[in-house]
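The structure appears right after this line, and notes come after that.
The values are calculated or read from the model by the stated rules, or taken from the named source; none is laboratory data. Everything numeric in this text was worked out from a predicted model, so none of it was measured. Neighbour counts run over all protein chains shown; Cβ positions are idealised from the backbone, glycine included.
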Amino acid sequence: METFTVEAVVLRTDDFGDANRVVTLFTKEFGKLEANAYGCRRARSPLSGATQMFNHISAEIVHGSKVDTIREADILNFYDGLTKNLERLAYASFFFEIVNRMTFPRQKEIETFRLLKKSLPALNNRNPKIAALIGACQFMETSGVQLNFSRCVRCGTEIFGDAAISLLDGGALCMNCVDAANDARPYPEALRKTFETMLGFDWRDETKLFFNSKQILAAENFFVDYVQFVLGSALKSVQFIKSLKSLPNK
Ligand SMILES: [Zn+2]
């Protein structure tokens, strides 16, 4: 049987049977792929540590006729802040769920792999909501989704000042084109500048992340609406985030 080695970020895990797990990896080599990790939920399994969500790993995979199987896996980096803090966990899950649901298996997307890898230290240490929104913003521009934040999706004109944005059209609309769209909503200049700052954000930049909280909320609402519109169903992580906001002392 064919065996291959991948460098990957663990995008999602689903338990099945007594001790097994389906692990969704976003690999550098092949894009997204699923592989079964048998026995990995037993404490003594050599796979138990590596096959946790948000880990950056290298894995040896056996290609089977029906399913692929993880034979060995080593942790390259892990981020324990994500499992110790519910807000971090919720926003990291939000970003990872967007990537998981908006990508197709076995389509190599090296930019998406790099983005996931670069975002993890920020999700682990910095403002997790802002880090997740920057991740979503950069993913939408670099992946096949290609949302247009700065130019009119209908005529290509660069947007100045306040304009409109459409989920159906997938991006900004200039004031000449706004009447042609069926679902135009306001797109204030401040929100466009927020998206543009997020798009240009360099993950190695360690200066404090500063965004206006009103624009962060608008950006969050936009991504939630956009993803749910494209997918036609709700994101589980959004429910998780809402449940945290309704907790006392929050
Ligand atoms: Zn236009």
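Mind checking which residues of region 174-191 are within 14 Å of the ligand (Cβ to nearest atom) and either part of a loop (DSSP other than H, G, I, E, B) or within 23 Å of Asn212 (Cα to Cα) (or both)?
Step one: filter region 174-191 for residues within 14 Å of the ligand (Cβ to nearest atom), giving 174-181, 184, 187.
If the condition is that a residue be within 14 Å of the ligand (Cβ to nearest atom) and either part of a loop (DSSP other than H, G, I, E, B) or within 23 Å of Asn212 (Cα to Cα) (or both), then Cys174, Met175, Asn176, Cys177, Ala181, Ala184, Tyr187 are the ones that fit.
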TODO: Specify the residue that is surrounded by the fewest Cβ atoms within 10 Å (Cβ to Cβ); the eligible residues are those in region 159-195 that are in contact (Cβ under 8 Å) with a residue 40 or more places away in the chain and closer than 13 Å to Ala218 by Cβ.
DONE: Arg192
Open item on the list: Between a residue in region 14-37 that is at positive phi and any residue that is among the basic types (Lys, Arg), which pairs come within a Cβ distance under 7 Å, given they are 6 or more apart or on different chains?
Closed with: Gly31/Arg106; Gly31/Lys108
Open item on the list: I want to confirm something. Restricting to region 135-164 and keeping residues that are within 12 Å of the ligand (Cβ to nearest atom) and of a type in the set (A, V, I, L, M, F, W, C), which single residue is farthest from Ser119 (Cα to Cα)?
Closed with: Cys155
Task: Condition check for Leu209: assigned to a helix (DSSP H, G or I) and not assigned by TED's automatic domain parsing to the domain that holds Thr13 - done: no
- [ ] Report whether or not Phe94 is modelled with pLDDT of 95 or more and within 20 Å of Leu209 (Cβ to Cβ).
- [x] yes
Open item on the list: Can you find, within region 41-68, the residue that is modelled with the lowest pLDDT among those that are closer than 30 Å to Arg88 by Cβ and over 26 Å from the mean Cα position of the chain (by Cα)?
Closed with: Ala43
Task: Selection count, region 40-68, where residues are of a type in the set (Val, Ile, Thr) and under 16 Å from Val9 (Cα atoms) - done: 3
- [ ] Just give me the residues in region 196-216 being loosely packed, with under 12 Cβ neighbours inside 10 Å and among the hydrophobic types (A, V, I, L, M, F, W, C), in sequence order.
- [x] Phe210
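Yes/no per residue for (1) touching a helix residue (DSSP H, G or I) at 6+ places or on another chain (Cβ under 6 Å); (2) at positive phi; (3) of a type in the set (A, V, I, L, M); (4) part of a strand (DSSP E or B):
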| position | (1), (2), (3), (4) |
| --- | --- |
| Val9 | yes, no, yes, yes |
| Arg42 | no, no, no, no |
| Ala50 | no, no, yes, no |
| Phe113 | no, no, no, no |
| Leu116 | no, no, yes, no |
